[in-house]
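Have a look at the structure below before the remarks.
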Amino acid sequence: MGDIQRLRNRRIVITGAASGIGMATARLFAAEGAALTLLDRNAQGLHAVAREMQAHVFEADVCDEGSIAGAVAQGAAAMGGIDGVVNAAGVMLRGSVLEVDVAQWRRVLEINLTGTYIVVRCCLPWLKQAAQASIVNLGSGQSLLPNTPDRSAYSASKGGVLNLTRALAAELAPSIRANTVCPGLVDTPMAEGVQGNVGNYALRRLAQPEEIARAILFLTSDESSYVTGAALAVDGGRSFH
């Protein structure tokens, strides 16, 4: 980090902050000077992260609009507003179409897609009052190139996140920017069992969560002030093959 903190005086809500990309993003954003409201269902993990930094933490489920609305309102009151949102909460489900039943399908879409919508909707009253507000949603390499077998529910949900974000970019412009980060495989618990499956990645390795967090930082900061509706592939070259 340089002498100038890129998120100084910015107030950011991050979901899925108890682990993986969300945790890495919280750490980076704290180092860059942001005030943070961190949301996750994992209360123990949240408080462990909060011990590393000054942050407002709330146990909340992205599928429960009342839970999110309450947490967002408390976070906004504590921070004095909201300038940005990072939707990093999500689940991966592997299985063929015949193996994944409709209840499982609905659950993946509820968390990954509807949960993203709920969080954005709950944060919008404050984002609309902020200068240079931004939304960054976590898509996937599967949003761009859904060619990995046994990922139908996950691919559909993340493809939905990509087009939801584009729609938000059109609807909320010019006051609020909205972009999607599309990671490839990342060295997090979600990638367990598939760590070696990087043969079609130009860089031949998994990403570290911090590498994805740096892309999220770029799209949240003023450095990307002319970027909205974009899908940024941070996938080691997976999606151009």
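The values are calculated or read from the model by the stated rules, or taken from the named source; none is laboratory data. Since this is a predicted model, take the numbers as computed values, not measurements. Glycine gets a Cβ as well: all are built from the backbone with ideal geometry, and neighbour counts include every protein chain shown.
Condition check for Leu145 on (1) over 20 Å from Thr15 (Cβ atoms); (2) of a type in the set (A, V, I, L, M, F, W, C); (3) surrounded by 24 or more Cβ atoms within 10 Å (Cβ to Cβ): one failure, at (3). Being free of Cβ contacts under 8 Å to residues at least 60 places away in the same chain and of a type in the set (Gly, Ala, Ser) is the requirement here; does Ser143 meet it? No, not satisfied. When Asp64, Asp40 are screened for being in contact with a Leu (Cβ under 9 Å, 6 or more places away or on another chain), of a type in the set (Asp, Glu) and within 22 Å of Val108 (Cβ to Cβ), only Asp40 passes.
Restricting to the range 202-240, name every residue that is outside any loop (DSSP other than H, G, I, E, B), acidic (Asp, Glu) and either closer than 18 Å to Gly20 by Cβ or touching a helix residue (DSSP H, G or I) at 6+ places or on another chain (Cβ under 8 Å) (or both).
Across the range 202-240, the qualifying residues are Glu210, Glu211.
Is it the case that Ala55 is small (Gly, Ala, Ser), in contact with a helix residue (DSSP H, G or I) (Cβ under 8 Å, 6 or more places away or on another chain) and more than 15 Å from Val136 (Cα to Cα)? Against the criterion (small (Gly, Ala, Ser), in contact with a helix residue (DSSP H, G or I) (Cβ under 8 Å, 6 or more places away or on another chain) and more than 15 Å from Val136 (Cα to Cα)), Ala55 qualifies.
Among the conditions (1) closer than 13 Å to Ser140 by Cα; (2) at pLDDT 95 or above, Ala191 misses just one, which is (2). Of all residues in the range 194-241, exactly one satisfies the criterion of being basic (Lys, Arg) and at pLDDT 95 or above, namely Arg214.
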